[in-house]
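Student: First, the structure itself, so that you have it in front of you.
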Amino acid sequence: MQSPGKSLKEALLCAQGEDRLTVGVYESAKIMTSDPDSVSFCVLAVDEEFECDIALQIHFTLIQSFCFDNDISIVRVSDMQRLAEIVGDKAEQLEDAHCVLITNPGDGSWEDPALEKLHLFCEESRRVNDWVPEISLSAR
């Protein structure tokens, strides 16, 4: 199996190409509230400022809880800048790439092997009580 980081990058790029990506804590919360069944995968990005940002920590706690309650796979990445480089196409997305959601397509007729591998990775991590596993995103 390829590395989880490579699978994550592929899944993000695929979702971005199909307009199934939501970037930003606030935007993600809106999607999760209005249509939780449409959310397939959640990525939380932390950086060195995370430890000092109490509001962001509270948002992350709520997002994690929501994901657990709705059976949404969730991972953390420690390099928010790298995540922003992959998913950001607007300046504001580069600043708020702390939370990224991959949603399901409207018609349900798709298969994304990279996303399936990520779901399996998350499932295996939960078996060993790692509920929000961390994935490293490799450089280009």
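The values are calculated or read from the model by the stated rules, or taken from the named source; none is laboratory data. It should be emphasised that the depicted structure is a prediction, and the values quoted were computed from it without experimental measurement. In this analysis, Cβ positions are derived from the backbone assuming ideal geometry, glycine residues included, and neighbour counts consider all displayed protein chains. These area figures cover heavy atoms from the full protein model, side chains too; ligands, DNA and RNA do not enter into them. Shrake-Rupley method; radii C 1.70, N 1.55, O 1.52, S 1.80 Å.
Student: Under the rule of at least 5 residues apart or a separate chain, name every residue whose amide H is placed under 5 Å from the amide H of residue 77.
Tutor: For residue 77, the qualifying residues are 44, 45, 46, 135.
Student: Determine the per residue accessible area of segment 4-131 with all protein chains present and a 1.4 angstrom probe, expressed in square angstrom.
Tutor: Per-residue accessible area for segment 4-131 comes out at 53 Å².
Student: Run the helix sum for the chain: -39,500 (n - 2.57) per DSSP H stretch of 4+ residues, divided by residue count, reported at 222 nm to the nearest 500 deg cm²/dmol.
Tutor: It lands at -15000 deg cm²/dmol.
Student: What does the charge dipole of the chain about its Cα centre add up to, to the nearest 20 debye, if the Cβ of each Lys and Arg holds +1 and the Cβ of each Asp and Glu holds -1?
Tutor: It works out to roughly 300 debye.
Student: Antiparallel as a % of all DSSP beta bridges within the chain, to the nearest 5?
Tutor: For the chain, the DSSP antiparallel bridge percentage is about 55.
Student: What do you get for Rg/Rh over the chain if you use C-alpha atoms and the Kirkwood form of Rh?
Tutor: That ratio is 0.92, to two decimals.
Student: Ignoring any ligand, DNA or RNA, what whole percent of the accessible area of segment 1-47 comes from carbon and sulfur when the probe is 1.4 angstrom?
Tutor: Taking all protein chains in place, segment 1-47 shows 51 percent carbon and sulfur surface.
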